[in-house]
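Read the figures in this text as sums done on the coordinates, not as results from a lab. In this text, all values refer to a predicted model and were calculated from it rather than measured experimentally. Every residue, glycine among them, receives a Cβ derived from its backbone with ideal geometry; neighbour counts consider all protein chains shown.
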Amino acid sequence: MLAKLTQSPAVLGAAALEQATHAVLVLPFAKKLDGLREVPALDRLRAALKRRDMKVEDLAKTPVSVSLAGGGLCCFVMLDAGKSAFERQSVLRRAMTPLLEEQPRELLLAMFGSAEVRKENAREALYVAWLNGARLPTRRKKPEPRPLMHIRLHGARDAAAFAEIATVAEANTLARSLTAMPPNELTPAMYRQRLRQMARSRHWQFEEYDMRRLRRLGAGAFVAVAQGSAPEDAAIVHLSWRPKKPQGKVALVGKGICFDTGGHNLKPAKYMAGMHEDMNGSAVVLGLMQALIGRNMPLSIDAWLPIAQNHLSPGAYKQNDIVTALDGTTIEVMHTDAEGRMVLADALTLATRGTDKTGGKTGGKTGGKTGGKTGGKPDLVIDFATLTGSMGYALGSRYSGVFVTTAELARLAVAAGEASGERVCVFPLDADYEAGLESKVADIKQCTLDGEADHILAARFLKRFTHEAPWVHMDLSASSCSSGLGAVGTDLTGFGVAWGVEFFEQWLAAHAALPAPRRRAAK
């Protein structure tokens, strides 16, 4: 639950500031304070800057906190429109951190400058405050950290825009909260039940492909990973949403491995710790779907979530097994810890072929009649997954890597990263990389044992199961970043939600602008 917002039409006065316990004053970029006479407590700010031997413009990099006469804490920060969204969000988070560490019930945000600057700065400040004022689930015996309950905003009013920002913040918080859940509280069975409840409360359509059904369909890649777990509670969950007048149809696919031991190629303890977060891709898809619907984007959305665990057992799949994927591709298993690409392979096949060829009714429907059809092939497929360690080696945890099938999708992916503050780097997807996946006994190897460019090989492997659909693959190396990233102060970042909202806004604008023949060609 996000903090309640109260908007004041007036610029903050000195008396109101002195009554505040925790306040952030967001100033427009300036090299002198003379033009900011409307800002209260300027004398304290000047004294603090002088004491620290700082220039006024340094506030755009290093916020400054001062004590108020009434005992409150006030932080001054400048936002430079010439800086990137990531830099602006980062400095806002640094400004709010010392205040939010005191777990206030209320936070005062005050904007200064021109009306347009105040509105723009308020959007970013509210997003950062909402994200960091929320609390992720814990099971500590001590009193739970208090969430921020109320934000009092001065100097800017834009109810519609602020509601849109709140939708994205709430969706990011959903993704982080699900990812933070311990593995004994989010087994595949528990996750599926939670998804069923979410679908019911949000009026999404719900459909499950359980192990029995997947075996009947021939989804051998997914089944190979899931067969090592007892009980067999794995499934591919299909969620869908249909607006009245859609302008595009998209498929979202999210890796949902609730815990990853590595299987027979068992992970050492150091690398197995935190593997309950291996379902982060599915959590990002859920958050993104919620945000897109909440912002009334005219998109038909299908979300495909392969939910399973990768366990070690006598029944688990092994190196050198040959399994047959849903589309008939035979796969030589090389390493049981490369399970993510296996479950995604069958999920991508379901997402891209557009029709359940078995026909008939499906079990576990919620929110409407699904029958056996998904409503046609998607215009675009995006998958999210904490897929490879090599992407982490390539980028660290401050960017995520993306692979795309067209130059236009690459441009949109990078632009969405710049606008949202969730930065991405585009990696090559050239066909000659796939030579490393050639098998003598199957159509393709699952991976190699060399480790070289595994993030690229994984993308080439997955591309085979997209069946030439326009496609974006995000390898979520930035799903967790120590001490936070950009707007987010927790280790879990929810990376991909804000990026996805921005990406689809730009994609829809470009999609709608193309006449039908060119639109088909652009795909």
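To the nearest 20 debye, what is the magnitude of the charge dipole of region 189-522 about its Cα centre, counting +1 on the Cβ of each Lys and Arg and -1 on the Cβ of each Asp and Glu? Intermediate results must be reported in sequence, preceding the final value.
Values: 37 positive and 34 negative charges, 337 e Å.
In debye, rounded to 20, region 189-522 gives about 1620.
Taking Cα atoms only, the orientation of helix 188-202 departs from the longest principal axis of the chain by about 60 degrees.
What order, most packed first, do the peptides 412-424, 6-18, 250-262, 289-301 have when packing is the mean number of other Cβ atoms within 10 Å of each residue? If you can, show how the numbers build up before the last one.
Values: 412-424: 22.0, 6-18: 14.3, 250-262: 26.8, 289-301: 19.8.
Listed from highest to lowest mean packing, they are 250-262, 412-424, 289-301, 6-18.
Take each peptide in 120-129, 194-203, count the other Cβ atoms within 10 Å of every residue, and average; sorted highest first, the result is 120-129, 194-203. Loop-located GluC sites (Glu not before Pro) across region 167-227 with a Cβ neighbour count of 15 or fewer within 10 Å are Glu185, with loop assigned by DSSP.
Nearest 5 is fine: what % of DSSP beta bridges in the chain come out antiparallel, could you say? Display every interim value, and only then the final one.
On the way: 28 of 72 bridges.
Bridges in the chain that DSSP calls antiparallel: roughly 40 percent.
From the gyration tensor of the Cα coordinates in region 393-504, what semi-axes in whole Å does the equivalent ellipsoid have, largest first, with each one equal to sqrt(5λ)?
Details: eigenvalues 154, 58, 20 Å².
Taking √(5λ) for each eigenvalue gives 28, 17, 10 Å, largest first.
Within straight cross-link reach of Lys61, meaning Cα distance under 15 Å, which aspartates and glutamates are found once same-chain residues fewer than 8 apart are removed? By straight Cα distance, Lys61 reaches Asp53, Asp80, Glu87.
Among the trypsin sites (Lys or Arg not before Pro) in region 41-102, those located in a DSSP loop and surrounded by at most 13 other Cβ atoms within 10 Å of their own Cβ are Arg52, Lys55. Each other residue within a Cβ distance under 10 Å of His467 adds +1 if Lys or Arg and -1 if Asp or Glu, for a net charge of +2.
Three principal axis extents of region 49-183 based on alpha-carbon atoms, in descending order, are 49, 34, 26 Å.
Compare the peptides 240-246, 108-114 by average per-residue count of other Cβ atoms within 10 angstrom and give them in order, highest first.
Working: 240-246: 13.9, 108-114: 22.7.
Sorting 240-246, 108-114 by mean packing, highest first, produces 108-114, 240-246.
Computed from Cα positions, the angle between helix 280-294 and the longest principal axis of the chain comes to roughly 60 degrees.
Only aspartates and glutamates eight or more places from Lys83 in sequence, or on another chain, were considered; those with a Cα closer than 16 Å are Glu57, Asp58, Glu120, Glu124, Glu418, Glu422. Between the C-alpha center of region 442-481 and that of region 184-214 there is a gap of 26 Å.
Debye-formula intensities of the chain, expressed as log10 I(q)/I(0) at q = 0.09, 0.10 Å⁻¹, are -0.66, -0.79 (one equal scatterer per alpha-carbon, no solvent).
Compared with the dominant Cα axis of the chain, that is its longest principal axis, helix 159-180 is turned about 50°.
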